[in-house]
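A.B. asks: Have a look at the structure that comes next, please.
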Amino acid sequence: MTATLLATRRVEKPWGRHKLWPGFPDPAAADAPIGEVWFEAPDPGEADLLIKYLFTSEKLSVQVHPGDAEARARGLPRGKDECWVILAAEPDSTIALGTLTPMSKEELRASSLDGSIEHKLDWKPVKAGDFFYSASGTIHAIGEGVTIIEIQQNSDTTYRLYDYGRPRELHLDDGVAVANAVPFVAPSAPGRVAEDRIILVEGPKFVLERWPGGTRSVVLPAGVSGWFIAVSGDGMADGVAWRAGECLMLDGRTEIVASAGSDLLFAYPGDTRI
């Protein structure tokens, strides 16, 4: 079998929610809010990518992630580039990407300590259907009231620069060292149409495609796995049933049948379309 339905791990977060998204059971009112749902590969530590849903009721910390070289210099397997598909957002929801003006490392540290960093970020309004790619080194913060699918390199290394007074650890030395405190420049031409799909990301760390419903064959090279993310719809993948809110890992050749109107994402590591 080349399709494996991935188990989920629910992650409690202070900025999470008690009302999640269709397909995900809501936590009880007396329980901690859920901020993330992770899809876990059979060998989580060996996987190249990690897929998550995020549910926010408050702003996430102002943070930054290291790149591959910086991560390996610290004994970590990889850095963290990530991207976000916005599923839903409140009318005033925002995401911060980059700084309004270039900042020195000294100014970045001082602004993180006194909290003024929050107002020196470029807060962008977001709505359902938006897409953003945040390369490692980009200072960012996800705002309140959004539901997001996050596709990222498989790393949980986050350096918090500011957390709005929450009693959580900051990582100023590491964060300032890896941060690229400049205005955000979006990658060129996201959303290129190719054949029967939309190409959202074409490297350098992974490829992300968006598919409609229908029938298709997926062929992955030996040693390369792909992540099939069902945003909406339902269907089968080599005899494995799937529905919206689920994620499958694919290897080798897989025959996929998706209901009409399905909205599907497919991600795999590398910088070249398969």
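A.B. asks: Which of the residues that make up the stretch 255-274 are part of a strand (DSSP E or B) and small (G, A, S)?
C.D. replies: A258, S259, A260, G261, S262, A267 - these are the residues of the stretch 255-274 that are part of a strand (DSSP E or B) and small (G, A, S).
A.B. asks: Any residue in the stretch 169-188 that's farther than 15 Å from A110 by Cα: show its pairings with residues that are small (G, A, S) at Cβ separation under 6 Å, as long as the two are six or more apart or on different chains.
C.D. replies: Correct list of pairs: V178/G137; N180/G137; P183/G98; F184/G98.
A.B. asks: Being over 17 Å from the mean Cα position of the chain (by Cα) and either of a type in the set (D, E, K, R) or assigned to a loop (DSSP other than H, G, I, E, B) (or both) is the filter; apply it to the stretch 189-208 and report the residue that is surrounded by the most Cβ atoms within 10 Å (Cβ to Cβ).
C.D. replies: This residue is R197.
A.B. asks: Also, I was wondering about something else. Considering only the stretch 49-67, I want to know if a residue exists there that is aliphatic (A, V, I, L, M) and surrounded by fewer than 20 Cβ atoms within 10 Å (Cβ to Cβ).
C.D. replies: Checking the stretch 49-67: not a single residue is aliphatic (A, V, I, L, M) and surrounded by fewer than 20 Cβ atoms within 10 Å (Cβ to Cβ).
A.B. asks: Another question, then. Only residues that are part of a strand (DSSP E or B) and either among the hydroxyl-bearing types (S, T, Y) or in contact with a helix residue (DSSP H, G or I) (Cβ under 8 Å, 6 or more places away or on another chain) (or both): list them for the stretch 1-54, please.
C.D. replies: Correct list: T4, T8, Y53.
To keep it simple, each residue is scored yes or no on (1) at pLDDT 95 or above; (2) surrounded by fewer than 16 Cβ atoms within 10 Å (Cβ to Cβ); (3) in the same structural domain as P77 (by TED's automatic domain parsing); (4) part of a strand (DSSP E or B).
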position	(1), (2), (3), (4)
G137	yes, no, yes, no
A141	yes, no, yes, yes
I149	yes, no, yes, yes
Q152	yes, no, yes, yes
L170	yes, no, yes, no
P187	no, yes, no, no
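A.B. asks: Can you tell which of D271, D196, D238, D251 is charged (D, E, K, R) and on the phi > 0 side of the Ramachandran plot?
C.D. replies: The conditions single out D238.
A.B. asks: Which members of the stretch 14-61 meet the condition of being modelled with pLDDT under 95 and either farther than 14 Å from D156 by Cα or of a type in the set (V, I, T) (or both)?
C.D. replies: P14, P22, G23, A41, P42, D43 - these are the residues of the stretch 14-61 that are modelled with pLDDT under 95 and either farther than 14 Å from D156 by Cα or of a type in the set (V, I, T) (or both).
A.B. asks: Using the structure shown, decide if M236 is touching a strand residue (DSSP E or B) at 6+ places or on another chain (Cβ under 7 Å), closer than 14 Å to S217 by Cα and either part of a strand (DSSP E or B) or not assigned by TED's automatic domain parsing to the domain that holds I149 (or both).
C.D. replies: It is true that M236 is touching a strand residue (DSSP E or B) at 6+ places or on another chain (Cβ under 7 Å), closer than 14 Å to S217 by Cα and either part of a strand (DSSP E or B) or not assigned by TED's automatic domain parsing to the domain that holds I149 (or both).
A.B. asks: For the stretch 76-123, what are the residues that are under 22 Å from R168 (Cα atoms), without any contact (Cβ under 8 Å) to a residue 60 or more places away in the chain and among the hydroxyl-bearing types (S, T, Y)?
C.D. replies: S111, S116
The values are calculated or read from the model by the stated rules, or taken from the named source; none is laboratory data. These numbers were taken from a predicted model, which means no experiment stands behind them. When we count neighbours, we look across all protein chains shown, and the Cβ atoms used for this are built from the backbone with ideal geometry, even at glycine.
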